[in-house]
Every structure is written in C-alpha cells, then in structure tokens.
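Please treat every number below as a calculation from the coordinates, not as lab data. Everything numeric in this text was worked out from a predicted model, so none of it was measured. Methodologically, a virtual Cβ is constructed for each residue, glycine included, from the backbone with ideal geometry; neighbour enumeration extends over all protein chains shown.
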Amino acid sequence: MNIEKEIFKKIESYDRILIHRHMRPDPDAIGSQLGLKEILQKNFPNKTVFAVGTKIEGLDYLGQMDVVEDADYEGALVIVTDTANTARISDERYKLGREWIKIDHHPNDEPYGDVVYVDTNVSSCSELVARIAFDNGLELNENAARLLYAGIVGDTGRFLYPSTTAATLAIASKLRAFDFDASALLRKVEEISIPVAKLSGYVFQNLEIDENGAARVILTNEIMKSFGVEDYETSAVVSIPGSIENIHAWGIFVQQPNGKFRVRLRGKDIPVNEIAKRHNGGGHPLASGANAKDMVECDEIYKEIQEVVGRGVKNELT
Ligand SMILES: [Mn+2]
C-alpha cells in the first residue's frame, strides 16, 4: 500500500490523535507539528487533535502546546514530526499511544513507529507535511499555511541552503497564496533580542578560523552569563559563520549548566554528520548536533572538522 494512504487509513481509524515533535524545537518542529494539527482539525472535524511538548521558548508567535492527560493517550494515535530518534522526542508519553507514525526528513537512522514516512530529499518536515496535504487534496487554512511556511523558511535559512529545491519553492508558493502576513512572519523568524545581537558580535570577534576554512567558537557558561543569554537562545548565532567568505564548516560549542558541551555542527558545502555520529549525535549532512563531555572532546571535534575541511578543500584543488 502507498505509504500516504496507509497514514490516512490510520488517521481515519482513530478518534484521538496526539502530535509530538523534538525537544528544543525550531520553527520546522513547531511548524510541522502545529501545521499538521490545523490540517487534521480542518479535514477531520470530528477528531480530537492535540499538540504535545514542552513549552516553546521564543517561538510563541507560532502557537501553543496543548495540556494533555495520560488518559488522552488511551487507544489514541501518536504522530511524531521532524524527529530523527526517540531520545529526542519531547514528552515521553508518546509511548502511551496505541499506534504511532514517524513523519520526518532527517536520515532515518532509527526507523521508529508502526508507519515510517521519511523523505530526506525535502527541505523540511513542514515541506513534507504540506506536500502530503496538497497531494491528497486536503484543505488548508491560513494558519496551517503560515505554520508550514515558517517551518520551510526556518529549515532553509530563508531559502538559502542547498536543500531548497524547485519543489520547495513550488510548495512555498502554494502556501504563500493563503492570506497571512509572510513578511511579518519572516521578520519574526529572523528576529533576535539585543543580548543575542551582542552575543553575535562576540561570535564574529572570537571565531577561530583555520587556513582551510574550518571554524569554531566556544560559548562557556561564563560568556553566556555575561551576555545574559540562555542556552536556547544560542541557536540564533549558529548560522553566523556561514556568511563569512572561505569558511566551509564550523562548530558552535555551547556549554550546558552541567559543564558539558552541546555542539552544533554546520557545513556550507562539506558534510559534518559523520563527526556528529562519532560524538553522541547526528543529523543532516550539513547541519548536525553532537555532544562533548569536556574541553578535551571539544578540541577533538574541532580537529575532526579541520580534517574534513582540509580533505574537502584538497579534493577541490586536485
Ligand atoms: Mn526540520
């Protein structure tokens, strides 16, 4: 059976559907989750649909999570969007449903769920949800279009990254035809606070760049405290090195309250996800996350970035 048909068969057979997404959400996690919720509510008005997950810091303009009880999962269908592995699912109660479905665009290293629908060729999970909706003749409303558009904009860096295809733009165009203020939405997606603006200055000033174009910056607890910035706000500075000439790949090392480091790895044109996998993480070829227990491991990771960049640059030249 066609996988989309299989998903709709499941959706049709349940009265209650709970949609989860990943921890530390970004616009694509929220956009795909809440966009799907809007679409299901509009097209299946007799079903109860909830969006579940921890409070969404800084993304309130997209929407809110629902408050649910454990009992709501009884005999219910769970759908998880934009989440590569179960460890990253926000709110562990996803386990309480009767059946579950994975809808995602990350490499399918952990194919969890009764139905697994992963397409790594789309820019974002929001693009995938929109495509499913359009291809199956589902109706959208303004808010669903706004949410999915925000997700696509977020994951493509405003249509900058190579994951932006002709199909992405065709879907974005269909979404944009709905009556919402896309300009105001994009400004909101890109908006940063004054403390984060000042932290951005720090990143530009202190970025270590090697001769091949590998780069890193380390944001210790002390530095973040001095700027009055919380961990979740640092996502806004991750793309900064990508705007600098000759930089190919980089890492942003953010210390956590427990002293360990969360590492965001990015490549402009050189994959970094193998490095992430070696250090307790994973993700897309050009956008991954890893973990480092201390400064020694941070240095190891940076060395590995330097190696892949060095190799990449050399291959280009020979
Ligand atoms: Mn995504």
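Comparing Tyr149, Tyr61, Tyr232 in a Gaussian network model of the chain where C-alpha atoms under 10 Å apart are linked, the largest mean-square fluctuation is found at Tyr61. Of the peptides 191-203, 233-245, the order by per-residue mean of other Cβ atoms within 10 Å, starting with the highest, comes out as 233-245, 191-203. Each of Lys314 and Asp181 was given a label point 7 Å from its Cα along the Cα-to-Cβ line. The distance between the two points is 5.4 nm.
Counting only Cβ charges, +1 for Lys and Arg and -1 for Asp and Glu, the dipole size of the chain around its Cα centre is about 160 debye. Pairs from the table (Lys95/Lys198; Lys102/Lys303; Lys5/Lys95; Lys5/Lys37) lying more than 30 angstrom apart at Cα are Lys95/Lys198; Lys102/Lys303. Taking Cα atoms only, the orientation of helix 295-317 departs from the longest principal axis of the chain by about 90 degrees.
Taking the C-alpha atoms only, the angle from helix 194-206 to the longest principal axis of the chain is near 40 degrees. Positive end of the dipole of the chain (Cβ unit charges, origin at the Cα centre): among Ser193, Thr54, Thr164, the Cα lying farthest that way belongs to Thr164. Judged by the mean number of other Cβ atoms found within 10 Å, the most tightly packed of the peptides 292-303, 272-283 leads the ranking 272-283, 292-303.
The distance from the alpha carbon centre of segment 197-256 to that of segment 261-303 is 14 Å, rounded to a whole number. Bridging of Lys42 to lysines at a Cα separation below 18 Å is possible for Lys9, Lys10, Lys174, once same-chain residues fewer than 8 apart are set aside. Look at the Cα gyration tensor of segment 3-190: its axes a ≥ b ≥ c give a/c under 1.5, and that counts as rounded. Per-residue ellipticity at 222 nm, computed for the chain from helices alone with -39500 (n - 2.57) per DSSP H run of at least four residues, works out to -12000 deg cm²/dmol. Relative to the first principal axis of the alpha-carbon coordinates of the chain, what is the inclination of helix 166-176, with its axis defined by its Cα atoms, in degrees from 0 to 90 and to the nearest 10? Taking the Cα atoms of the chain, the angle to 166-176 is about 60 degrees. Ignoring aspartates and glutamates fewer than eight residues from Lys188 along the same chain, the ones with Cα atoms less than 12 angstrom from its Cα are Asp60.
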